[in-house]
Amino acid sequence: MEEVVRARGHENVSARHASTLELTSDEYLTPTGDCILGIEADRTPAEFGTGFVETCRDGNATISLTLDAGDHTEIVTGRGHPELTFENERSLVCRTSEYVDDRTVMVDADKAAADLDRAFVDALAEGAELTGTLRVD
């Protein structure tokens with residue numbers, strides 16, 4: 001089961017955050033948004049299918065996010081959580097912790113923004129198109 005989100009990079013993408021990464025539907029990015037990889041996301045968690053959301057609420061579910069930008073691919077893997085709501089209408093966040101709010105789409109992620117390959121981050125800072133494919137097993 002999967003959900004696809006398309007966004008784009010921005011000159012202020014720095015990907016320096018040590019515990020999260022984010023895609024947002026916002027049309028801008030300030031330098032303080034050091035977890036944000038892409039802006040102008042075409043979908044948000046509130047738009048994901050019911051079956052996908054229910055599967056992600058299983059604490060044993062494996063969730064992966066494949067990020068493609070230009071010639072670069074990053075894969076982030078985490079797990080589901082019973083408290084995931086997928087209600088946010090603005091952004092989605094992958095977390096290395098077990099903290100959950102309405103933006104959270106996975107917990108215990110094996111990577112945060114700061115862990116991503118710098119060539120990938122540079123492509124996003126140059127405005128590359130970004131495709132994020134969330135899969136749940």
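Kirkwood radius for region 1-125, taken over all pairs of different Cα atoms as the inverse mean of 1/r, rounds to 14.2 Å.
Between 113, 41, 61, the GNM of the chain built on Cα springs shorter than 10 angstrom shows 61 fluctuating the most.
Rounded to the nearest 20, the Cβ-based charge dipole of the chain about its Cα centre (Lys and Arg +1, Asp and Glu -1) stands at 180 debye. Could you work out which residue, out of 90, 57, 118, moves most in a Gaussian network model of the chain, that is, has the largest mean-square fluctuation with Cα springs under 10 Å? Residue with maximal mean-square fluctuation among 90, 57, 118: 118. With R₀ set to 22 Å, the beta-carbon distance separating residue 110 from residue 137 gives a calculated FRET efficiency near 0.90.
Could you give the length gained on full extension between residue 11 and residue 75, defined as 0.36 nm per residue of separation minus the Cα-Cα distance, in nm?
Result for the pair: 20.8 nm of gain on full extension.
Consider a paramagnetic label point 7 Å from the Cα of residue 50 along Cα→Cβ; state which residues of region 82-112 have an amide N under 18 Å from it. Only 84-88 pass the distance filter. Helix content alone sets the calculated 222 nm mean residue ellipticity of the chain: runs of n ≥ 4 DSSP H residues at -39500 (n - 2.57) each, divided across all residues, give -3000 deg cm²/dmol.
Quick one: if the Förster radius is 25 Å, what FRET efficiency do residue 42 and residue 102 give, using the C-beta to C-beta distance and rounding to 0.05? Between residue 42 and residue 102 the formula returns 0.85.
Laboratory data are not the source of any read-out in this text; all were calculated from the coordinates shown. On a predicted model such as this, the values are computed, not experimentally measured, just so you know. As a convention, Cβ positions derive from the backbone with ideal geometry for all residues, glycine included, and neighbour counts pool all protein chains shown.
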